[in-house]
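Enquirer: Before I ask anything, let me first share the structure, which is written out below as structure tokens.
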Amino acid sequence: MHGAVQMKFMDAMTHRLALRKWRKVARNAPMMPLSALRRHRARARRLIYVLNELMSVADSRLTLPMIGSETFPKPHGTDWSWRPEPWRAPLPVQGLAAVTSKTPLGSEVTLFHDCTRSELSLRQLRNNRAADLAAYGLRMDVFAFDGSFLSLVLDLPQEAIDGLKRRHLIRMDAILELEKPLEVFARLNVRHGPNTEQIVRELPQNDKAITVEFDLAYTNLNEKRVGRAWIDLIFENPQMSQMVLRDLTFSRRPRAEL
């Protein structure tokens, strides 16, 4: 620990001395002999090249959303929130082609379809726009599609179902870019005992920033037997289309008492 502190002190001292030196060179430049001026100019150019490289990398990394970030707007009263793995952390394999059904995307998301021949590719993208809060996005390209369904299945973590009540609202926020108009549905599934409650919401087609809510008051949920919950994102007739999910987040809050 002492060595690390000493190294930081020495680094700061070296920086101050170098800065003082170049300030002095700059002040003396108008009166400096031309031979010395040429020498300092050559050194300054080499220094500027290295500093520009540092600034370029630093600006790029520091303006990107932070990897692992769980930061996103949440409604007042939220008691659970979550950004699934493909949007917050790098996947082991970031690009897949001819993707088969039941292909996992990390540990929390799985792709399902019933194509006889897959012409579907997936790629995890690093978000870099000023508006992006998620570190990563997910792009799906579909060419010929001879199946009847295509869906991303997201297993909600245990924290989502701990203490889950019929008075809860579960909210999904997404930033979805579509190459062409496409019907997309989100279906919440909650298993309680031998039964499964389902709530389906259609995502608006004209908005990139999407919010849908699932109100458990309209279900027959047995609060004492909740065992598992998951979300299906269902894409209808996706052939010859590209979908980019820039962000996907979930939150839970109790409905206000009347």
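Any read-out appearing in this document is the output of simple, stated calculations on the displayed coordinates, not a laboratory observation. A quick note: this is a predicted structure, and the numbers were derived from the prediction, not measured. No Cβ is skipped: glycine too gets one built from the backbone with ideal geometry, and neighbour counts run over all protein chains shown.
Enquirer: Please report 83, 166, 129 as a ranked list, fewest other C-beta atoms within 10 angstrom at the top and most at the bottom.
Expert: Fewest to most other Cβ atoms nearby, the residues stand as 129, 166, 83.
Enquirer: On a straight-distance basis, which lysines could pair with residue 224 in a cross-link, Cα separation under 20 angstrom, same-chain partners fewer than 8 positions away excluded?
Expert: Within reach: 165.
Enquirer: Order of 25, 93, 109 from fewest to most other C-beta atoms within 10 Å?
Expert: In order of increasing Cβ crowding within 10 Å: 93, 25, 109.
Enquirer: About the Cα centre of the chain, what is the dipole size in debye to 20, counting +1 per Lys and Arg Cβ and -1 per Asp and Glu Cβ, all else neutral?
Expert: Magnitude of the dipole: close to 2500 debye.
Enquirer: If amide H atoms are built 1.01 Å from N in the plane of the peptide, which residues on other chains or at least 5 residues away come under 5 Å of the amide H of residue 89?
Expert: Here the answer is 68, since their amide H atoms fall under 5 Å of that of residue 89.
Enquirer: For the chain, what's the relative contact order in percent, using C-alpha pairs closer than 8 Å and at least 6 residues apart?
Expert: 21 percent
Enquirer: In the set (1) 26, 21, 19; (2) 52, 25, 16; (3) 32, 22, 16, which value of semi-axes √(5λ) of the Cα gyration tensor in Å was calculated from the structure you see?
Expert: The calculated read-out lines up with (2).
Enquirer: Counting only residues 5 or more places away or on other chains, whose amide H sits under 5 Å from the amide H of residue 255 once H atoms are built in the peptide plane?
Expert: Answer set, sorted by chain and number: 168, 169.
Enquirer: Assuming a viscosity of 1.306 mPa s and a temperature of 10 °C, what translational diffusion coefficient in µm² per second does Stokes-Einstein assign to the stretch 2-63, Rh being the Kirkwood radius over Cα pairs?
Expert: Approximately 114 µm²/s, per Stokes-Einstein.
Enquirer: Sorted by packing (mean other beta-carbon atoms within 10 Å per residue), highest first, where do 193-205, 244-256, 152-164 land?
Expert: 244-256, 152-164, 193-205
Enquirer: How about residue 208: which lysines have a C-alpha closer than 24 Å to its C-alpha, ignoring those fewer than 8 places off in the same chain?
Expert: In chain and number order, the partners are 74, 180.
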